[in-house]
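Here's the structure, in C-alpha cells; my notes come after.
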Amino acid sequence: MDRVILLLFILNQGGPTTIEFHTMEQCKAAEPAIVQAYREMTGNPVLTRCIALALPGK
C-alpha cells in the first residue's frame, strides 16, 4: 500500500507536520499554496517535501 504525504517543517516552530494526499500529483499541486499559507501565518521559513511511502499490507 502506498501513502503520499507532504512533510512540512516550519523553522523555529518545533517538529514536522504531515498532510496526507491520495496521489503524488495532488501533493505537488497543493505544495506551493500550503507553503505560502504557513509562511504568511507564522512569518517563518517553511521547508516541504512530497514523499511516497510503501507500507506493508495488512
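Of all residue pairs spaced 6 or more apart or on separate chains, those with beta-carbon atoms under 7 Å, a first member in segment 2-30 that is closer than 20 Å to M41 by Cα and a second member that is in a loop (DSSP other than H, G, I, E, B) are L7/P16; L8/P16; F9/P16; I10/N44; L11/N44; L11/P45; N12/N44; Q13/N44. With the requirement that a residue be surrounded by fewer than 13 Cβ atoms within 10 Å (Cβ to Cβ) and hydroxyl-bearing (S, T, Y), what does segment 1-49 give you? Scanning segment 1-49 gives T18, T23.
When you scan segment 5-18, do you find a residue that is among the small types (G, A, S) and outside any helix (DSSP H, G or I), even just one?
Taking segment 5-18 and keeping what is among the small types (G, A, S), we get 14-15.
Keeping just the survivors that are outside any helix (DSSP H, G or I) gives 14-15.
Yes, because at least one residue in segment 5-18 is among the small types (G, A, S) and outside any helix (DSSP H, G or I).
Applying the criterion of being assigned to a helix (DSSP H, G or I) and in contact (Cβ under 8 Å) with a residue 24 or more places away in the chain to the residues of segment 36-58, the residue that is nearest to R3 (Cα to Cα) is Y38.
In this structure, is A52 open to solvent by less than 80 Å² (accessible area, probe 1.4 Å) and at pLDDT 95 or above? Here the answer is no, as A52 does not meet what is asked.
The values are calculated or read from the model by the stated rules, or taken from the named source; none is laboratory data. What you see is a predicted model, and the numbers here were worked out from it, not measured in a lab. Positions of Cβ are backbone-derived with ideal geometry, glycine not excepted, and every protein chain shown enters the neighbour counts. Heads up: the accessible areas ignore ligands, DNA and RNA and are worked out on the full protein's heavy atoms, side chains in. Shrake-Rupley method; radii C 1.70, N 1.55, O 1.52, S 1.80 Å.
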